[in-house]
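Following: one structure in structure tokens, then a few remarks.
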Amino acid sequence: MKKNITLILSALSLVFIFAVQSFAQQKTISGKLSQTVEAGGWLIVENNEKYLLLNADKFSKQSWFKAGAMVTATGEIKRDAVTIYQEGIPFEANSLRPVDDAKNKRATSVTVMGDARVMVQPDTTIISVSVVTQNRNAVEAQQQNAAQTQTVIGALKRAAGSNAEIKTSGYTLTPQRVYKENQPPTIVGYEARNSITVTMSDLNRVGTVIDAATQAGANNIDSVAFTLRQDRPTRDKALTDATREAIGKAQTIAQALGGRVVNILAVQEGGATVRPIIYADREAYATKTASTPIEIGTLEINSQVQLIAEIEVG
């Protein structure tokens, strides 16, 4: 009886030893699939270690089974296995599955600028003229200016039409001083200036309005500008184009790095600016002897966008 018990215990000990040895050979590895020189052979490359997958046929029909795929495998190391080229540690997988390789990808961010320019025809003109009078007496300078300005306003209303907006945009009465060395300045007269702004949509009347103003007594043409009365649609188009250009730049950079844009982290509008066409050279305007020629030209609306994109590179 004792002999039988001893035999049973010995057998159990051997089973336990084999079980421990078998368990000790179990290993879980994670790495990339890679083909090897072995006929139909595949490797799992984990860091700098290579494991030769002995039973690759068991998993090779899976759609994810391809070179470069990240996998996790659990199985046994078969050090006694003999292969032709002996490349890698012989490994027989009990399970093999793909893993998300997002952890192995690197993320970086890139800041790009998008610029856009939209050209459009103006629909509004803003003409600024001034009546300037001078007199030794302040009251007389004011009165002379008032009478001359009234005449100019009447001429502007007739020339610009009923739909034009005419308003006073500035008025100053400035003493004229003479400065002598070691003496306080002396007031020798006064200058009155009344500035009038004309806003109108009939761009064909611009030259006529300028002529009417100078003939009625306006002796200073401050500026002539062309712009858009409603510029929101054009601004929106410029902003859209600038945003698309910024995204395109981010995608180009991502492709050059071998990655892709995965997220837009921030967008900041640099602003859309309308550059009105302004004529401010007083000598360019005609006098009473000729009609003033005005070339309208094209408006330029610029928009800028700064964009921060997240790029995933792996």
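The values are calculated or read from the model by the stated rules, or taken from the named source; none is laboratory data. Keep in mind that what you see is a predicted model, and the values were worked out from it rather than measured. FYI the Cβ positions are ideal-geometry reconstructions off the backbone, even for glycines, and counts take in every protein chain you see.
Numerical summary
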| read-out | value |
| --- | --- |
| Restricting segment 67-90 to residues that are part of a strand (DSSP E or B) and polar (S, T, N, Q), the residue that is farthest from S30 (Cα to Cα) | T74 |
| Residue satisfying all of: in segment 157-214; touching a strand residue (DSSP E or B) at 6+ places or on another chain (Cβ under 8 Å) and of a type in the set (K, R); surrounded by the most Cβ atoms within 10 Å (Cβ to Cβ) among these | R193 |
| Residue in segment 213-221 that is part of a strand (DSSP E or B) and within 30 Å of Q142 (Cβ to Cβ) present | yes |
| Qualifying residue in segment 101-120 (condition: over 40 Å from the mean Cα position of the chain (by Cα), assigned to a loop (DSSP other than H, G, I, E, B), surrounded by 12 or more Cβ atoms within 10 Å (Cβ to Cβ) and not small (G, A, S)) | no |
| Close pairs from segment 139-168: first within 13 Å of D202 (Cβ to Cβ), partner of a type in the set (D, E), Cβ under 7 Å, at least 6 apart | G161/D202 |
| Residues (surrounded by fewer than 16 Cβ atoms within 10 Å (Cβ to Cβ) and either part of a loop (DSSP other than H, G, I, E, B) or among the polar types (S, T, N, Q) (or both)) located in segment 44-64 | N47, N48, N55, S60, K61, Q62, S63, W64 |
| Contacts under 6 angstrom Cβ, first residue in segment 175-204 being closer than 30 Å to L228 by Cα, partner of a type in the set (A, V, I, L, M, F, W, C) and in a strand (DSSP E or B), 6 or more apart | R193/V132; N194/V131; I196/V129; V198/I127; V198/I166; T199/I126 |
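One line per residue, one yes/no per condition, for (1) closer than 30 Å to T125 by Cβ; (2) at pLDDT 90 or above; (3) in contact with a helix residue (DSSP H, G or I) (Cβ under 9 Å, 6 or more places away or on another chain); (4) assigned to a loop (DSSP other than H, G, I, E, B):
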site	(1), (2), (3), (4)
K180	no, no, no, yes
Q183	no, no, no, yes
T197	yes, yes, no, no
T240	yes, yes, no, no
A250	no, yes, no, no
R260	no, no, yes, no
